[in-house]
1. Going by the structure shown, is B:Leu251 under 17 Å from the mean Cα position of the chain (by Cα) and over 30 Å from A:Leu66 (Cα atoms)?
2. Any idea how many residues of region B:43-84 are away from chain A (no Cβ under 14 Å), among the acidic types (Asp, Glu) and out of contact with any Gly (no Cβ under 8 Å at 6 or more places or on another chain)?
3. Could you list, in sequence order, the residues of region B:228-252 that are touching a helix residue (DSSP H, G or I) at 6+ places or on another chain (Cβ under 9 Å), without any contact (Cβ under 8 Å) to a residue 40 or more places away in the chain and not aliphatic (A, V, I, L, M)?
4. Just one of B:Met40, B:Met92 is within 14 Å of chain A (Cβ to nearest Cβ), buried (at least 21 other Cβ atoms within 10 Å of the Cβ) and assigned to a helix (DSSP H, G or I); which is it?
5. Residues being surrounded by 17 or more Cβ atoms within 10 Å (Cβ to Cβ) and over 19 Å from A:Ile183 (Cβ atoms): count how many of those fall in region A:213-224.
6. Give me the pairs: first residue in region B:115-139 and away from every other protein chain (no Cβ under 13 Å) and within 19 Å of A:Lys98 (Cβ to Cβ), second residue among the charged types (D, E, K, R) and surrounded by 21 or more Cβ atoms within 10 Å (Cβ to Cβ), beta-carbon distance under 9 Å, and six or more apart or on different chains, which are they?
7. If I go through region B:104-154 residue by residue, how many of them are under 24 Å from A:Ile113 (Cα atoms) and charged (D, E, K, R)?
Amino acid sequence: MEKNNVAISVSNLSKQYRLGEVGTGTISHDLNRWWHRIRGKEDPYLRVGETNARESKGESNYVWSLKDINFDVKEGEVIGIIGRNGAGKSTLLKVLSKITAPTTGLIRANGRIASLLEVGTGFHPEMTGRENIFMNGTIMGMSRYEVSSKLDEIVAFAGVERYLDTPVKRYSSGMKVRLGFAIAAHLEPEILIVDEVLAVGDAEFQNKAIGKMKEVSSSGGRTVLFVSHNMAAVKNLCTSAIVMDQGRVVYSGTVDKGISYYLKSSIQKSNDLLIDRRGMDVSDRFLIKAIELSDGLNEGVSCAQNGSKLVVSVSYFSPKQIDEVYFRLQITSSDGGVLFTLNNLHTDALFQILEGEGLVKCLIPDLPLFAGKYNISVLCAQRFSGVLDEVRDAKELVVIDGNFFGTGKVPSVKQGVLLRHNWYKPEIVTSFGL
Amino acid sequence: MKEHHLEMEKQWTTTIEPDKGSFNLNLKEVWKYRDLLMMMVKRDFVTFYKQTILGPIWFFIQPLFTTLVYTVIFGKIASISTDGLPQLLFYMSGVTIWNYFSDCFTKTSTVFKDNQNIFGKVYFPRLITPLSIVISSLVKFGVQMLLFLGFMFFFMINGAPVSPNSTLLLLPLYVLMMAGLSLGFGMIFSSLTTKYRDLTFLLQFGIQLLMYATPVIYPSSLIAEKNKLIGKVLMANPMAPIVEAFRYSFLGAGDFQWGGLLYTFLFTIFIFLLGTVIFNRTEKTFMDTV
């Protein structure tokens, strides 16, 4: 019974923003709004407005940053909110944490809501660490008594004992973040909102922070809303997920399906050199026409998770039958260095290609790339007569953090590639003679 | 089933709705955050003289020098009447009381702009911030009052015609009215400036002009003597009765009128309520317009 209680219920939530400068026209719109209001009519500007598509220029100055959002979060649930930049995640969190009011709709919640939109809010550089703990704690809604009863814990968690009576302006940026997170983590709200705080701080502290979040949700039965681009963290922490796109909730359900939905939907416009070639109508030469990526479930993705399957499909046109053809894919990092080469010449699987359109595929069972942007260059050649066609940087590949090692952890130095490996301790042979 | 639903309805502790222009002071919530109010006052006080050599002495220096300048310019050079009071005391009383009002007004009028970093990241009743300004300015006012009282006793011992009287007991009322007025005006201005920045320019010289429309550097009797109408208009300024009454209570000369004080009192309540309504409406959406 207790478990099934709804902690947050969001119904028909919408938020409208006005684009462009607040200036001329503002006062006339305000007056018009006010005139409608005193006559008891609906705000005339609520009827206009478009979905929040960044790339395309809209007709109206009003956009809906959030549009008809509905979802419930159960008590003790850790819900991951994922979506592209500009999908409305941060706006949703801002509305939930009462920083800005919604335009329409209703949110009802049970218990104290605290947000970690950015830790260390309200730190005054001239005040000491101790004074700032009290300042920050009370800003977040704690009483002075609550803060002082947790002071030791906070200080120990942040690891700033030595600097407690030093002004915060002398702190390193990492120390400030640690102190800020420590205060927020000990706040013990019923509902905690976390937005990308884990992007800062060193690896040790990130682990501490993730551990604390897990502890908060599992032992305390408290609800956590977690916004992140780090899929590994989402997978590791969350019990359910919602995916947002253009101000709407497009998926809500399990974490795995949510992440997969997100990857599928985030087809970005990449600098795809091959797009022009599709329309090319050359019948006398061999041509690489397109490169498509797939994660084994969905076709046509532009994002892939490390540790997951990636299939690269190369489609081509050949004017005649050619024997012993090989394709070479080179994955280059953004600085142009080749990270690895995939070539069917080396795997002894040369193709015989027929006249006309065709397709070859290359499967990488567990993508060993760190999160980031990469380019795929493709070359096609006949074993003895040489290059048939080559396209450098033919496709952009965006890799996001998945769960390469199955532990949710990734090295903090992101150089080279990820490599599957095992650690073990050899049995120590102790002989009595020694 | 329906009953169960009703039961669910009751237990929501937080409701977030669009701004409906409701009149709700939310004093309960402000009370819950009283520790934050204390911390903010403490912060203002502690950080005021950090890394200064003279420290809290700066609280004295500013009113002292202003008084000296006024004494020289308006007293000695322009020879404006001071109702028969020692010039130094006359100007110091005006400066002390005016400083509190103008400090509160200027600082509260930029609350949203100055705090948009904090306001944009964490929620607490926004009313806490202007309240903390009024209270921390009170500390400064208290210190300056001590300075003023010191000078007053010095002059009294030396036989100056200064006669404090029983209306002194009204001092808390004067302070409360000034706090209410400056808070009300400040909240109105800070709310409007989030959208219309023009008002910041208006405010800069507006406060200065208001000072000249208040009997700070001249007694209101001087104006009433010269022109009855202007004298009446002057008393429409809600700050004028406070300054005059303050002078009368401490120094024994001034235009003390119960009617004027009542007018200011009603005006204060009106401005304070209006300011609170506008402020509460703005706090919900100001992040979108600031």
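The values are calculated or read from the model by the stated rules, or taken from the named source; none is laboratory data. Fair warning: this is a prediction, and the values are worked out from it, not measured in the lab. Please note: Cβ atoms are built from the backbone with ideal geometry, for glycine as well, and neighbour counts cover all protein chains shown.
1. It is false that B:Leu251 is under 17 Å from the mean Cα position of the chain (by Cα) and over 30 Å from A:Leu66 (Cα atoms).
2. 0
3. Across region B:228-252, the qualifying residues are B:Gly231, B:Lys232, B:Asn237, B:Pro241, B:Glu244.
4. Just a single option satisfies the conditions, and that option is B:Met40.
5. 1
6. Listed pairs, sorted by first residue: B:Leu127/B:Glu283; B:Pro130/B:Lys107.
7. 2
Yes or no, residue by residue, for (1) part of a helix (DSSP H, G or I); (2) surrounded by fewer than 19 Cβ atoms within 10 Å (Cβ to Cβ); (3) within 14 Å of chain A (Cβ to nearest Cβ):
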| residue | (1), (2), (3) |
| --- | --- |
| B:Gly186 | yes, no, no |
| B:Phe205 | yes, yes, no |
| B:Thr276 | yes, no, no |
| B:Arg281 | yes, yes, yes |
